[in-house]
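Notes follow the structure.
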Amino acid sequence: MSVFSNFNKDLLLILEELAGDGILPAGLDVGRVTVEPPRDSAHGDLSTNAAMVLAKQAGMKPRDLAAMIVERCRALPNVVEAEIAGPGFVNLRVAASVWLHELEIILREGTAYGESDMGGGALVNVEYVSANPTGPLHVGHARGTVFGDVLAALLEKTGHKVTREYYINDAGSQVDTLARSAYLRYREALGEDIGTIPSGLYPGAYLEVVGRALAARDGDKWRDVDEQEWLPVVRDFAISAMMDLVRDDLAALGVRQEVFTSERTLVDEGAVDAALAALQDRGLIYTGVLKPPKGKAPEDWEPRPQTLFRATEFGDDVDRPLRKSDGSWTYFASDIANHYDKYRRGFRAMIDVWGADHGGYIKRMKAAVAAVSDGEAELDVKICQMVNLLDNGAPIKMSKRAGSFVTMRAVIDEVGKDVIRFIMLTRKNDAPLDFDLAKVTEQSRDNPVFYVQYAHARHCSVMRQARETFPDADLSDAALAGVDLSPLGSPEEMALVKAMATWPRALEAAAEAHEPHRLAFYLYDLAAAFHHLWTKGRDDASLRFVKADDMPATLARMALVRAMAIVIASGLEVFDVTPVEEMR
């Protein structure tokens, strides 16, 4: 429970009392009522929208209802001020003891502080990365990888049961191209001069390793046989090798997904047939002719009967083809099977993390999930925009097809996994992100990961100073949870305490919105509040953390500093970033 959830309970009791007194109608829908920090701290400590969202149901003006809520809030034991703001918001100020009590809770609970059962154990499937198995992961993949992994951790911390999944696109033409590219390197490994890599094949040097490994395993067995014989063998070998490489890269970034689902396996085991049969049973598949694309139709477009899914009945712009002209399934059909398989495994909440070039695919997949689950499941698609890789402001060009791209592993080796995992969440997922190899390791306030880590490292320095000054003092978390906190009270100290106390609500809000970047923003702001207090202490001796002539004040401030570090560590734990004890 947090300060905000506690006051939310008090507010709901007030609304029940008003209904019991006949002032409000019974049975009001309070699902949209919230208690949040106000946008401007000058307006108070807590703000509720209760009067705004309930006025219409209650048949009252918002400010009239707000006045009734304010009157009863003033009677609450820890409320020191309550007032109406704007069209009907209710702002509250609460006693300092409420906030200081949160320090005790933080020190007792440690990094578990902020965890909640909001999710109620609901199953959530988070599918992310899912890069085609045609080469190493590049730096562009890192953003979606980190986003998905941290979102999964965030949902777990707020009471959801999460499965992390990777969907292997191993049934399309791209893996046949991979096989032909690997076969060429296989012949090279056998001593053949292969010359220039033909256009349309993958030229990357990473396939040389695959070719040599195949030659070591099978010798020249496949050199002089027809493609139809060697293609499936080389394809399976190359896909396996690429997925081993992908798993190694993911492990280097701290990512370990529990489930790897193969598109080819789904097709071979009849999952596509099963999914489409479910749609057919509901009358959602038919044979029809689509209209040409809006604008100028492609030269190769021709009206022809196709097997179509009635996507428009579920909010899509047009109905969608399920078979290609050669009779094979479309990618969309396989994707329906993938999500139907998730539904049959019990997932009613599904989150897919996709790259920037997949935005036009969202409506059809949402329609498909609604259709195959008969409305029981919901798909949330999070698009991660491009990463602009820079080095001291200069762009670094990437081209996967040309074989000249910066691998994710190279960037991990350059700056470390922790830097990547934090920086990739310093912008909202649907906004482009600049990743400057020089800037992300810079020791300045402009580097968010440094600024947050510096707060934790400074806390370690302060604790060491306190131990040297008071060698007999017990500075354990358990002991600090019981110290007298009354010496705390300056505006800067209380601002830091209040910032810490919003951590549980910040976690829940980020989980509700599926927006883990909010935690990076929160941690930066918390670090800023701490650094501000540190700086004030340099100019004002009364605010210094360690006071050799005042042990009670020092102990209270150690409780403050230690609680701040615990919250920082709790946030970095969600990011799977290790808090540092000393900046180097």
>> Of the listed values (1) 143; (2) 235; (3) 208, identify the label whose number matches volume of the Cα convex hull per residue in Å³ calculated from this model.
In response: (3)
> In whole angstrom, how far apart do the alpha carbon centroids of segment 68-110 and segment 421-465 sit?
Replying inline: 32
> Ordering I362, I336 from largest to smallest accessible area (1.4 angstrom probe), what's the sequence?
Replying inline: I362, I336
> Among the aspartates and glutamates, which fall within straight-line cross-link reach of K56, defined as a Cα-Cα distance under 15 Å, with same-chain neighbours fewer than 8 residues apart omitted?
Replying inline: D29, D64
> Sequence-distant or interchain residues sharing an amide H contact under 5 Å with T261, placed H: which?
Replying inline: Y166, Y167, I168
> Once phi is turned into θ = phi - 60°, what whole-Hz ³J(HN,Hα) does the Karplus curve with 6.51, -1.76 and 1.60 give for every residue of segment 564-570, x standing for Gly and Pro?
Replying inline: 4, 5, 5, 5, 4, 5, 4
> Using a 1.4 Å probe, how large is the accessible area of I383, given in Å² and rounded to the nearest 10?
Replying inline: 20
> Which value, in Å² rounded to 10, gives the accessible area of D446 with a 1.4 Å probe and all protein chains present?
Replying inline: 140
> Do any of K363/K417; K157/K366; K61/K382; K294/K366; K157/K428 go past 31 Å between their Cα atoms, and which?
Replying inline: K363/K417; K61/K382
> For the chain, which whole percent of the accessible surface, found with a 1.4 angstrom probe, sits on carbon and sulfur atoms?
Replying inline: 48
>> Under 5 Å between amide hydrogens, which residues at least 5 positions from E81 or on another chain qualify, with H placed 1.01 Å from N in the peptide plane?
In response: R93
> Taking amide H positions as placed 1.01 Å from N in the peptide plane, with prolines and chain starts having none, which residues 5 or more places from D380, or on another chain, fall under 5 Å of its amide H?
Replying inline: M350, I351, D352
> How much length is gained if the chain between V580 and Q174 is pulled fully straight, taking 0.36 nm per residue apart and subtracting their Cα-Cα distance, in nm to one decimal?
Replying inline: 141.9 nm
> For the chain, what is the calculated [θ] at 222 nm in deg cm²/dmol (nearest 500), taking -39500 (n - 2.57) for each run of four or more DSSP H residues and dividing by its residue count?
Replying inline: -15500 deg cm²/dmol
>> With θ taken as phi - 60° and the coefficients 6.51, -1.76 and 1.60, list the Karplus ³J(HN,Hα) couplings across segment 542-547 in order, rounded to whole Hz; mark glycine and proline as x.
In response: 5, 9, 5, 5, 10, 10
> Quick one: length gained pulling L390 to Q280 fully straight, 0.36 nm per residue minus the C-alpha distance?
Replying inline: 34.6 nm
>> Please list 3J(HN,Hα) in residue order for segment 503-519, calculated via the Karplus relation 6.51 cos²θ - 1.76 cosθ + 1.60 where θ = phi - 60°; whole Hz, with x for glycine and proline.
In response: 4, x, 5, 4, 4, 5, 5, 5, 5, 4, 8, 6, 10, x, 4, 4, 6
>> Let me cross-check H514: its accessible surface, 1.4 Å probe, with only protein heavy atoms counted, in Å² to the nearest 10?
In response: 40
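If you roll a 1.4 Å probe over the heavy atoms of the protein chains, what accessible area per residue do you get for the chain, in Å²? Intermediate results must be reported in sequence, preceding the final value.
Values: 26530 Å² over 584 residues.
With the other protein chains kept in place, the chain gives 45 Å² per residue.
The values are calculated or read from the model by the stated rules, or taken from the named source; none is laboratory data. On a predicted model such as this, the values are computed, not experimentally measured, just so you know. When the accessible area is computed, the model is the full protein with side chains, heavy atoms only, and any ligands, DNA or RNA have been set aside. Shrake-Rupley method; radii C 1.70, N 1.55, O 1.52, S 1.80 Å.
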